[in-house]
Amino acid sequence: MITHDLRVMADAMLDRKAQNVVGIDLRPLGTAITDHFMICNGDSTTNVNAIADNVIEKMRLEGRKPIRTQGMENNFWIILDYGDIVAHIFLTEYRDFYRLEELWADAPQKVYKDRPASKRKTTKKEEDAE
């Protein structure tokens with residue numbers, strides 16, 4: 001379920017101190033190459049790499065692997081393409097420069113905040129068990 005995967009991705013980003021986590025629903029536009037963008041930033045290349053690694057790991061636990069990745073060699077702007085969701089993990093100054101949210105301003109956006117661990121469901125199996 002896409003909503004669950006978006007939340008898993010957001011939580012994975014927030015777990016590694018990602019800032020300004022925003023989801024953009026591109027489906028209403030009808031012209032996008034994916035259904036959703038998840039965008040965040042970190043203040044160092046080490047932080048950007050840690051965020052990307054955690055997203056990959058948490059999504060793997062959900063049975064999802066990225067179709068392709070880009071930017072892992074320099075950690076300025078990492079793209080993780082899951083087909084229906086594309087994650088953009090920026091170094092802060094790169095996010096400020098490219099301003100993806102402004103490019104897709106007509107699409108609905110959702111800001112994700114950190115949640116207490118007690119409210120998180122880490123896997124679909126655990127969610128189904130409740």
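The values are calculated or read from the model by the stated rules, or taken from the named source; none is laboratory data. Everything quoted here is computed from the prediction, not taken from an experiment. Glycine also receives a Cβ, built like all others from the backbone with ideal geometry; neighbour counts cover every protein chain displayed.
Where helices (runs of 4 or more DSSP H) fall entirely within region 37-130, those with at least 2 residues that are at pLDDT 95 or above and either under 14 Å from the mean Cα position of the chain (by Cα) or loosely packed, with under 15 Cβ neighbours inside 10 Å (or both) are at 45-61, 92-98.
Can you spot a residue in region 8-17 that is touching a residue at least 24 places away in the same chain (Cβ under 8 Å) and part of a strand (DSSP E or B)?
First, pick out the residues of region 8-17 that are touching a residue at least 24 places away in the same chain (Cβ under 8 Å): 8-17.
Cutting the leftovers down to part of a strand (DSSP E or B) gives us none.
No.
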